[in-house]
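Just so it is clear, none of the values below were taken in a lab; they were calculated from the coordinates. Given the structure is predicted, the values throughout are model-derived calculations rather than measurements. No Cβ is skipped: glycine too gets one built from the backbone with ideal geometry, and neighbour counts run over all protein chains shown.
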Amino acid sequence: MKIVRTVKELSKVVENYKKLKKQIGFVPTMGSIHDGHIKLVKDSIIENDLTVCSIFVNPIQFNNLEDLENYPREEKTDFIKLRKVFCDVVFAPDEAEIYPEDFKKIKFRFSNALSILEGEKRPGHFNGVLNVVKLLFEFIKPDRAYFGEKDYQQLWIISKFKIRFNIPTEIKPVVTVRSKNGLALSSRNKRMNSKQIIIAQAVYKALTDLRKKVKFYFNQKNKNKIEKKLLKKIKLESVGNAISSNSLKIEYFEIVDVENFNIVDTLFLEKKYRVLIAVYVGKIRLIDNISI
Ligand code: PAF
């Protein structure tokens, strides 16, 4: 596995492959590699001749300095995990390599999805993601790029970004990898204690238990009722595990139409929707989603 630190070195590798008409797969990450990332890498290896994984904790997508400072950084173990699954190239640049002094941030405005839910709670987040993804795509020129459904809103925005800006890279969604108790794998999980993990698992269980109810009975009038039921279910499940769930708060619980990412309060059987939820477990913030 080749570890590349500069854009210049990376461009050489990419050019050589492009000359040979080889297909390049790209897995962007912020490191702290877990089995969710490994699934993206494995999918890329199957579908491409060369797989490039980037590790870069992108400062401009954090709207909270404490979150940026506490974000796990484990480069050495990340390299070991990626080598083990035969990733070809890891691009692990420093900040100045990605954002030289003359870098000018672009302000993206192409969709309402940029400023609702995660976009509203974390102002500037998606703009930061799009700026770095745009640069990484320019450096790597991937034929395919792999994004997890765990960050469903990010995946949706990047798919629209590709269409809006005519980017030739195919965006490949990859289903969320979960622990056997249903917890969606995330680098942030490392910051949770064992009690918080049990509550977080209860969130997914409650969501899936209520899937049918949401699908057939959700409407503007009973939205609050369903949300209360959800919270009750999560709390019951957590208490069932001898844990007090007082620290649990739902930040948002919304259903979006996957066509246009509009938040809806009426469901039509022939349409596809995604339930999106953000919860606080103490100071830890978790997001999850399921399709309905
Ligand atoms: O999903 C992530 O880890 C990040 O948002 C990404 C896509 C690597 C951009 O920094």
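For the pair the stretch 153-197 and the stretch 19-81, the centres of their Cα atoms are 12 angstrom apart. The length gained by stretching the chain between M1 and V175 to full extension, at 0.36 nm per residue less their Cα-Cα distance, is 60.1 nm. With only Cα atoms counted, the stretch 63-114 has Rg and Dmax values of 16.0, 40 Å.
Here the stretch 127-269 is treated with +1 on each Lys and Arg Cβ and -1 on each Asp and Glu Cβ, and its dipole about the Cα centre works out to around 600 debye. Taking every alpha-carbon pair under 8 Å whose residues sit at least 6 apart, the stretch 46-98 reaches a relative contact order of 63 percent. Legend: residue pairs K150/K215; K107/K223; K221/K271, Cα-Cα distance threshold 30 Å; pairs beyond threshold, K107/K223. Loop-located trypsin sites (Lys or Arg not before Pro) in the stretch 195-231 (DSSP state other than H, G, I, E, B) with a sparse environment of at most 16 neighbouring Cβ atoms within 10 Å: K221.
Cross-link pairs exceeding 28 Å between alpha carbons, from the set K18/K160; K172/K233; K22/K105: K172/K233; K22/K105.
Stretching V264 away from S291 to a fully extended chain increases their span by 8.3 nm, per 0.36 nm per residue minus the current alpha-carbon distance. Relative contact order, whole percent, for the chain stands at 17, derived from Cα pairs under 8 Å and 6 or more residues apart. Quick one: Debye curve from the alpha-carbon atoms of the stretch 90-225 only, equal weights, vacuum; give me log10 I(q)/I(0) at q = 0.14 Å⁻¹ to two decimals. Cα-only, vacuum Debye calculation for the stretch 90-225: -0.89.
Taking springs between alpha-carbon atoms closer than 10 angstrom, which of A202, A113, A96 fluctuates most in the Gaussian network model of the chain? Of A202, A113, A96, the most mobile in the Gaussian network model is A96.
Binned at 5 Å from 0, what are the whole-percent values of the Cα-Cα distance distribution for the stretch 92-151, short to long? Result, from short to long distances: 4, 14, 22, 24, 20, 14, 3 percent. Within the listed set F103, F126, F26, the residue fluctuating most in the Gaussian network model of the chain (springs between alpha-carbon atoms under 10 angstrom) is F103. Compared with the direct C-alpha span, the chain from F165 to V239 gains 21.8 nm at full extension, assuming 0.36 nm per residue. With distances taken between every two different alpha-carbon atoms, the stretch 181-276 has a Kirkwood hydrodynamic radius of 14.4 Å. Summarised in one figure, the compactness ratio Rg/Rh of the stretch 1-153, Cα atoms and Kirkwood Rh, is 0.95.
Rounded to the nearest 10 degrees, the angle from helix 75-84 to the longest Cα principal axis of the chain is 80 degrees. Please identify, among S32, S247, S238, the residue showing maximal mean-square fluctuation in a Gaussian network model of the chain using a 10 angstrom Cα cutoff. Of S32, S247, S238, the Gaussian network model singles out S247 as fluctuating most. Legend: Rg and Dmax of the chain, from Cα coordinates, 19.8, 60 Å.
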